[in-house]
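Trainee: Got a structure here, written out as structure tokens. Questions coming.
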Amino acid sequence: KTRRHQRRKIYNGVVICYNLRRSMNDFSSETIKNPEIEKKPFRIIYIEDEKNVRDLIGSMLKGFAGVELVNSFPSAEEAKVYLLGLKKEDLPDMIVSDNRLGPEKIKGIQLAKDLKEQGYKIPFVLLTGDMEQFQSLQKEDLNRMGITRVVDKVEIREGLPSVIEEIRLSPSRIF
């Protein structure tokens, strides 16, 4: 990889990474390798209303070394019911959610707020195709809403793996 083709953008403290030469077809071949990561699988749930995107990103998540995709959901409502039914020790290590989850449905950002209000401290990564709405927000603003990081869907190829690794390596995993 040449540095020329690697890009990092910082939106008010939120780092977005991507590689200009990678294609969407290479998702499942990407792995995160770091000897510091604990041996216990890093458990993730994923929420996306579009089935083809859910399958694609789900395959990408399954391809990461040390990551276990516990479940994927087509709606925030289903994910919320699932999470509320879990014991504390069975909660995932991270939630990855699309922001726009179809018309008339709870949005990803609202799910993050609801979970935070109910006392959940699970890192929440929001995927969006509209970064402009988040550019004016500071990291602290996002944290108050229950969002750990925001990743632009256009730059997901590099952005999501780097965010997962950052969260996995965090000693407390509470942001």
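The values are calculated or read from the model by the stated rules, or taken from the named source; none is laboratory data. Just so it is clear, the structure is predicted and the values come from calculations on it, not from any experiment. In this analysis, Cβ positions are derived from the backbone assuming ideal geometry, glycine residues included, and neighbour counts consider all displayed protein chains. To get the accessible areas, we keep the full protein, side chains included, count just its heavy atoms, and leave off ligands, DNA and RNA. Shrake-Rupley method; radii C 1.70, N 1.55, O 1.52, S 1.80 Å.
Trainee: Using a basic spin-label model with each label point 7 Å from the Cα along Cα→Cβ, how many nm lie between residue 77 and residue 43?
Mentor: With each label placed 7 Å out from Cα toward Cβ, I get 2.6 nm.
Trainee: Another question, if that's okay. Just by accessible area at a 1.4 angstrom probe, what is the order of 144, 43 from largest to smallest?
Mentor: Listed by decreasing accessible area, they come as 144, 43.
Trainee: If you rank 100, 54 by how much accessible surface each has, with a 1.4 Å probe, what is the order from largest down?
Mentor: Greatest to least solvent exposure: 100, 54.
Trainee: Here's something else I'd like to know. Return the long-range amide H neighbours of residue 42 (sequence gap of 5 or more, or a different chain), with a cut-off of under 5 Å between placed amide H atoms.
Mentor: 67, 68
Trainee: For residue 170 and residue 141 in one chain, what is 0.36 nm times their gap in residues minus the Cα-Cα distance, to one decimal in nm?
Mentor: Full extension of this stretch gives 8.4 nm more.
Trainee: Of 122, 44, which has the most accessible area and how do the rest follow, probe 1.4 Å?
Mentor: 122, 44
Trainee: When we measure straight from the Cα of residue 40, which lysines land under 27 angstrom away, once same-chain ones fewer than 8 places off are left out?
Mentor: Here the lysines satisfying the reach criterion relative to residue 40 are 62, 80, 87, 88, 116, 121.
Trainee: Further question: For the residue pair residue 65 and residue 110, what label-to-label distance in nm results when each label sits 7 Å from Cα along the Cα-to-beta-carbon direction?
Mentor: 4.1
Trainee: Using θ = phi - 60° and the Karplus relation 6.51 cos²θ - 1.76 cosθ + 1.60, list the HN-Hα couplings for segment 64-71 in order, rounded to whole Hz, with x at every Gly or Pro.
Mentor: So the Karplus estimates, Gly and Pro as x, are 6, 4, x, 10, 10, 7, 5, 6 Hz.
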